[in-house]
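Report on the following structure.
Just so it is clear, none of the values below were taken in a lab; they were calculated from the coordinates. Only a predicted model underlies this, so the values are computations on that prediction, with no experimental measurement involved. As a convention, Cβ positions derive from the backbone with ideal geometry for all residues, glycine included, and neighbour counts pool all protein chains shown.
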Amino acid sequence: FVLVVNNDVPAKTVGEFIALAKSKPNAFSYGTTGPGTPFHLYAELFSSMTGIQMVHVPYKAAVAAQIDLMGGRLQVMMTDFTSSLQLINEGKMRALGVTTKTRTAAAPEIAPIAELGVPGFEAAAWQMVVAPAATPKPVVDKLHAELKAIMAMPETRQAIARIGLVAVDTGPPDELRSFVMSEIARWGEVVRRSGAS
């Protein structure tokens, strides 16, 4: 995801935006695809880590929020790269930072928010292939090995990077299970703070 602002927002950096938002509590509206979605929770995490207050405006789709952002009815949003990269490149909205801990190959010029004044900030949607809990371990191990080999292919990694996603080298299934449990706990706390259900 990427933190973007309307071109009329005077802040050109993450630090400038935080300072501006702190000087005007609830003066900025951020668009999302609804309560509890990554668009919402990433903005909530950003707000809680920076001490800013913004007004949440939920939409039914990212495109509707992006249209309002470009039209000046919203000032800021956390949005996905796949739907916003072209708009950023065309200068229709300004990117301030990416939500991942590393830069993305699709836009290496956009630094991580964690490097731009919000240490420790990291928010990334992730995808994982899963199987029923009763799947025999040899089958799980075979699927994991095959998928890991496919993800290591240069053409796979290039295709993923082209649309603004980050391919990661995943650990064994037990580590993935632990990761999922840690994400449930981490984001559960953000959901509770946000009031989303």
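Subtracting the Cα-Cα distance from 0.36 nm times the residue separation, let me have the gained length for A105 to E122 in nm, one decimal.
Full extension from A105 to E122 adds 4.4 nm.
In degrees between 0 and 90, to the nearest 10, how far off the longest principal axis of the chain does helix 62-71 point, with axes built from Cα atoms?
20 degrees
Give me the extension gain from S83 to V139: residue separation times 0.36 nm, minus the current Cα-Cα distance, reported in nm with one decimal.
Residue separation times 0.36 nm, minus the Cα-Cα distance, leaves 16.6 nm.
Determine the sum of side-chain charges near K137: Lys and Arg each +1, Asp and Glu each -1, restricted to other residues whose C-beta is under 14 angstrom from that of K137.
Around K137, the charge tally is 0.
Using bins 10 angstrom wide from zero, how does P(r) for the chain break down, in % of all Cα pairs?
That works out to 8, 33, 34, 18, 7, 1, in percent per bin.
Taking the 0 to 90 degree range and rounding to the nearest ten, how far is the long axis of helix 173-194 tilted relative to the main principal axis of the chain, both from C-alpha atoms?
Relative to the chain, helix 173-194 is tipped by roughly 20 degrees.
Suppose the chain between Q53 and D174 were pulled fully straight at 0.36 nm per residue; how much longer would it get relative to their current alpha carbon spacing?
Length gained between Q53 and D174: 39.7 nm.
With charges set only on the Cβ (+1 for Lys and Arg, -1 for Asp and Glu), what does the dipole of the chain come to about its Cα centre, in debye to the nearest 20?
So the magnitude is around 300 debye.
Translational D (Stokes-Einstein, µm²/s) of region 33-113 at 37 °C and 0.692 mPa s when Rh comes from the Kirkwood sum over C-alpha pairs?
247 µm²/s
Considering the Cα positions of region 86-163, please state its Rg to one decimal place and its Dmax as a whole number of Å.
17.2, 51
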